[in-house]
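Have a look at the structure below, then the notes.
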Amino acid sequence: MSNKHGAFVWYELMTTDTKAAEEFYDAVVGWTSEDSGMPGAGYTLFKADGVRVASLMTMPEGAVQMNAPPAWIGYIGVDDVDAAARKVAELGGKVHRKPDDIPTIGRFAIVADPHGAVFALFKGAGDGEMPELAQNANGNVGWHELMAGDLSVEFPFYQKMFGWGKDEAMDMGPMGVYQLFTHNGAQIGGMMTKTPEIPAPYWGYYFNVDALDAAVERATSRGAKIVMGPMEVPGGAWVIGGIDPQGAHFSLVSMKR
């Protein structure tokens, strides 16, 4: 398997007001944005230090009609999208959008784990292969977190899908166990069974910022709502969870308040 298999390689925000979201994330995370140049309107690239990290697009009409909220989705690299989509279904997940090509970029599919947390499968081709940014670099995604339907089901699912390794398990008391996981030996995230007040399982992404308090001020002054934190986590980092002005959940992480 390639080093890309099982790595988070892209992040995409589907939202209702792309211009407002572009201005919000540029200001809060420190990204620079530019039109992708792809055919059709409304696909924007976010860059950190000149490296493409994420993108922004208008929510598809079908999602709007279903009253789906704006949301971030993470793309996980695989060696073969078609084979990976079949494996998702075999392991109890669901394929929401069958494998398809993005001309000159790569091949993708939209899928969900056994309890419904959505993510994408991706294999790049040509322009789809991108330079890498250090995991702890400002503007990159420093942590990936799954609020799972059932950790005992989801962790084996992702192990079988992507070969993720089991790292330290942290006892969170009444909240349950927070299980860290690795890709190619490096910690990239954690997962736990969601608490009852969380309506549905989901993947969350923590954007690295230089200083947390200043980033929170930029976010709240532009209409974001902070729903968790600031909180110090093991390793000395500080995190918050928030909802952006259009309703998408986001998180920030920094080694400095």
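Observations, loosely collected:
- Carbon + sulfur, % of accessible area of the stretch 7-124 - ligands and nucleic acids excluded, 1.4 Å: 53 percent
- Arg107 - accessible surface, heavy atoms, 1.4 Å probe, Å² rounded to 10: 70 Å²
- Shape call, the stretch 80-199: gyration tensor on alpha carbons, a/c limit 1.5: oblate
- Spin-label model distance (nm) - Lys225 vs Asp80, 7 Å beyond Cα toward Cβ: 4.6 nm
- Karplus-derived HN-Hα couplings along the stretch 9-15 (A = 6.51, B = -1.76, C = 1.60, θ = phi - 60°), whole Hz, x at Gly and Pro: 10, 6, 9, 9, 9, 9, 9
- The stretch 139-167 and the stretch 194-257 have Cα centres spaced 19 Å apart.
- Å² of accessible area per residue within the stretch 7-124, as computed with a 1.4 Å probe and no ligands counted: 46 Å²
- Cut-off 18 Å (backbone N to label point 7 Å along Cα→Cβ of Asp17), residues of the stretch 215-240: 218-226
- Arg257 accessible area, 1.4 Å probe, all protein chains in place, Å² to nearest 10: 110 Å²
- FRET efficiency for the pair Thr195 and Ala89, taken as 1/(1 + (r/R0)^6) with r the Cβ-Cβ distance and R0 = 35 Å, rounds to 0.80.
- The per residue volume of the convex hull around the alpha-carbon atoms of the chain is 124 Å³.
- Reachable lysines from Lys47, criterion Cα separation under 18 angstrom, eight or more residues apart if same chain: Lys19
- Residue-wise HN-Hα coupling along the stretch 192-203, computed from phi with Karplus coefficients 6.51, -1.76, 1.60 (Hz; x: Gly, Pro): 8, 5, 5, 7, x, 6, 7, x, 7, x, 7, 8
- Helices in the chain, meaning DSSP H runs of at least 4 residues, each add -39500 (n - 2.57). Divided by all residues, the mean residue ellipticity at 222 nm is -5500 deg cm²/dmol.
- Accessible surface for Lys94 stands near 120 Å², nearest 10, in the context of the full protein assembly shown (1.4 Å probe).
- For the stretch 181-242, dividing the convex hull volume of the Cα atoms by the residue count gives 120 Å³ per residue.
- A cut-off of 5 Å between modelled amide H atoms, ignoring neighbours fewer than 5 places along the same chain, links Gly189 with His144, Phe181.
The values are calculated or read from the model by the stated rules, or taken from the named source; none is laboratory data. All of these numbers come straight from a predicted model, not from anything done at the bench. All Cβ positions, glycine included, derive from the backbone under ideal geometry; neighbour counts span all protein chains shown. To get the accessible areas, we keep the full protein, side chains included, count just its heavy atoms, and leave off ligands, DNA and RNA. Shrake-Rupley method; radii C 1.70, N 1.55, O 1.52, S 1.80 Å.
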